[in-house]
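All remarks here apply to the structure that follows.
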Amino acid sequence: MEDEPLLRLDAVDMMEDAGFTAYEAKDADTALQVLETHTEIGVLFTDIDMPGSMDGLCLARTVRNRFPHIAIVVVSGQKTPMRAEMPKDGGFVPKPYVREAVLTALRDTMEKTES
């Protein structure tokens, strides 16, 4: 989930190139609606700085509580969250991120979530 349209398109392309089916969301409320509709989703990739009713960290914690099977990776170019701010087993990648760092974080969080 990314609020900047061009960055969101780039993130979707990166996920699809890695073999994931990707769904876009411009804010946390839309992301939660997508997750409720598409129960096959296994990964949340979100920026911390988001418009709307909650930021990406709040979204990540909400997703961890409501959808514990979903792996979570959070990114930010403005803030490095403290471990206590992150959802259990969530990963963090600073922006600007390198594609391989994001994919490694996704794989790592997916493995933790499946355990």
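Here are the numbers for the structure shown:
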quantity	calculated
The range 78-104 residues near the modelled SER115 label - backbone nitrogen below 17 Å, point 7 Å along Cα→Cβ	87-92, 104
log₁₀ of I(q)/I(0) at q = 0.15, 0.17, 0.20, 0.27 Å⁻¹ - the range 74-115, Debye sum with one point per alpha carbon	-0.36, -0.45, -0.62, -0.98
MRE, 222 nm, helices only [DSSP H, n ≥ 4, -39500 (n - 2.57), over the chain, to nearest 500]	-13500 deg cm²/dmol
Global form of the chain, assessed from the alpha-carbon gyration tensor, a/c cut-off 1.5	rounded
Neighbour cut-off at most 13 other Cβ (10 Å), DSSP loop, trypsin sites (Lys or Arg not before Pro), the range 32-112	LYS88
Over the chain, relative contact order from alpha-carbon pairs under 8 Å, at least 6 apart, %	22 percent
Mean separation of Cα contacts under 8 Å (6+ apart) over length of the range 39-102, as relative contact order %	32 percent
Extension reserve of the ALA84-ARG99 stretch, reckoned as 0.36 nm per residue once the Cα distance is removed	2.8 nm
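Each value in this text was obtained by applying a stated rule to the coordinates, not by laboratory testing. Here the structure is a predicted model, which is why all the values come from computation and not from measurement. A quick note on method: Cβ atoms are made from the backbone with ideal geometry, for glycine too, and the neighbour counts reach across all protein chains shown.
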